[in-house]
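The structure under discussion appears below in the form of structure tokens.
The values are calculated or read from the model by the stated rules, or taken from the named source; none is laboratory data. The model shown is predicted, which means the values in this text are computed figures rather than measured ones. Cβ: placed from backbone, ideal geometry, glycine included. Neighbour counts: every protein chain shown.
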Amino acid sequence: MSFETPLPRRRAAKLLLFTDSDRIVTVTGGSGWVNLPGGGIDKGETSHLALSRELNEEIGLTIRHMEGLEELGEVSGQVTSGGRQLIAEWTVYGANLIVPVRELYPSAEIKRCDTSDRAELIMSPRVSRLAKQAITQFT
């Protein structure tokens, strides 16, 4: 009889952030993968608090840069992160960016902050599978 060790789980809060031209704000990390802005939820932290912290850390985004912030739902799936398999569970939020994208500034861990339209993101081989799932499910 064999017993499989369950995969670790990692919770995160991510944002579908729309520009005034209905483009979606994305970030590209050091690995070259395009993703939605946001990040991990620390122990004892709510998804909303984690989202606020991560957006500020990653791209300098604060509540004054957006309007209509709302929780859209959840997506999850098996991913590889840092060379190991895990189950990623994302709480996805949506909002509208009310300042020009050029006012966002990527941190050292983010190579690029950009915008793309929905179709480009879904078709791109460099967009993470969970980001595509969130875009498809919530837009």
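State whether one or more residues within the stretch 99-118 are of a type in the set (Phe, Trp, Tyr), in contact with a Gly (Cβ under 9 Å, 6 or more places away or on another chain) and not in a loop (DSSP other than H, G, I, E, B). If you could, list the steps in order and put the result at the bottom.
Step one: of the stretch 99-118, the residues of a type in the set (Phe, Trp, Tyr) are 105.
Retained after the next criterion (residues that are in contact with a Gly (Cβ under 9 Å, 6 or more places away or on another chain)): 105.
Applying the additional criterion that residues be not in a loop (DSSP other than H, G, I, E, B) yields none.
No - not one qualifying residue is present in the stretch 99-118.
Do you know which residues across the stretch 1-32 are part of a loop (DSSP other than H, G, I, E, B), at pLDDT below 95 and of a type outside the set (Asp, Glu)? Full working, then the answer.
Initially, the stretch 1-32 is screened for residues part of a loop (DSSP other than H, G, I, E, B), giving 1-8, 19-23, 30-32.
Checking which are at pLDDT below 95 leaves us with 1-8, 19-22, 30-32.
Across the stretch 1-32, the qualifying residues are Met1, Ser2, Phe3, Thr5, Pro6, Leu7, Pro8, Thr19, Ser21, Gly30, Ser31, Gly32.
Go through the stretch 33-51 and count every residue that is assigned to a helix (DSSP H, G or I) and either surrounded by 21 or more Cβ atoms within 10 Å (Cβ to Cβ) or touching a strand residue (DSSP E or B) at 6+ places or on another chain (Cβ under 8 Å) (or both). Walk me through it before giving the result.
Step one: of the stretch 33-51, the residues assigned to a helix (DSSP H, G or I) are 47-51.
After this cut, where a residue has to be either surrounded by 21 or more Cβ atoms within 10 Å (Cβ to Cβ) or touching a strand residue (DSSP E or B) at 6+ places or on another chain (Cβ under 8 Å) (or both) as well, the list is 47-48, 50-51.
Number satisfying all stated conditions: 4.
Of (1) in contact with a helix residue (DSSP H, G or I) (Cβ under 9 Å, 6 or more places away or on another chain); (2) of a type outside the set (Val, Ile, Thr); (3) loosely packed, with under 14 Cβ neighbours inside 10 Å, Trp90 satisfies all except one. Which?
(3)
Here are some conditions: (1) in contact with a helix residue (DSSP H, G or I) (Cβ under 9 Å, 6 or more places away or on another chain); (2) over 17 Å from Lys14 (Cβ atoms); (3) of a type outside the set (A, V, I, L, M); (4) modelled with pLDDT of 95 or more. Tyr105 meets all but one. Which one does it not meet?
Among (1) in contact with a helix residue (DSSP H, G or I) (Cβ under 9 Å, 6 or more places away or on another chain); (2) over 17 Å from Lys14 (Cβ atoms); (3) of a type outside the set (A, V, I, L, M); (4) modelled with pLDDT of 95 or more, the lone unmet condition for Tyr105 is (4).
Suppose we filter Leu86, Leu61, Leu55, Leu72 for residues that are in a loop (DSSP other than H, G, I, E, B), among the hydrophobic types (A, V, I, L, M, F, W, C) and out of contact with any His (no Cβ under 6 Å at 6 or more places or on another chain); which single one remains? Spell out the reasoning first.
On the way: Leu86 fails: in a loop (DSSP other than H, G, I, E, B); Leu55 fails: in a loop (DSSP other than H, G, I, E, B); Leu72 fails: in a loop (DSSP other than H, G, I, E, B).
Selected residue: Leu61, the only one of Leu86, Leu61, Leu55, Leu72 that is in a loop (DSSP other than H, G, I, E, B), among the hydrophobic types (A, V, I, L, M, F, W, C) and out of contact with any His (no Cβ under 6 Å at 6 or more places or on another chain).
Please identify the pairs in which a residue from the stretch 109-123 that is closer than 13 Å to Thr19 by Cβ has its Cβ atom under 7 Å from the Cβ atom of a residue that is outside any helix (DSSP H, G or I) and of a type in the set (Lys, Arg), counting only partners at least 6 apart or on another chain.
Thr115/Arg23; Ser116/Arg23; Asp117/Arg23
In this structure, is Thr80 part of a strand (DSSP E or B) and without any contact (Cβ under 8 Å) to a residue 12 or more places away in the chain? Before you say what the answer is, go through the steps one by one.
On the way: part of a strand (DSSP E or B): yes; without any contact (Cβ under 8 Å) to a residue 12 or more places away in the chain: yes.
It is true that Thr80 is part of a strand (DSSP E or B) and without any contact (Cβ under 8 Å) to a residue 12 or more places away in the chain.
Looking for something touching a strand residue (DSSP E or B) at 6+ places or on another chain (Cβ under 7 Å), under 14 Å from Ala131 (Cα atoms) and either surrounded by fewer than 17 Cβ atoms within 10 Å (Cβ to Cβ) or modelled with pLDDT under 95 (or both) - is there at least one such residue anywhere in the stretch 64-75?
First pass over the stretch 64-75, keeping only residues touching a strand residue (DSSP E or B) at 6+ places or on another chain (Cβ under 7 Å): 65-75.
The next check asks that each one be under 14 Å from Ala131 (Cα atoms); those that pass are 72-75.
From what is left, the residues that are either surrounded by fewer than 17 Cβ atoms within 10 Å (Cβ to Cβ) or modelled with pLDDT under 95 (or both) are 73-74.
Yes, the stretch 64-75 has at least one match.
Yes or no, residue by residue, for (1) small (Gly, Ala, Ser); (2) over 13 Å from the mean Cα position of the chain (by Cα):
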residue: Thr28; (1), (2): no, no
residue: Gly40; (1), (2): yes, no
residue: Ser47; (1), (2): yes, no
residue: Ile63; (1), (2): no, yes
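With respect to the numbered conditions (1) within 15 Å of the chain's Cα centre (by Cα); (2) within 14 Å of Arg11 (Cα to Cα); (3) of a type outside the set (Asp, Glu); (4) exposed (fewer than 15 other Cβ atoms within 10 Å of the Cβ), which one is the sole condition not fulfilled by Gln78?
So Gln78 meets the others, but not (1).
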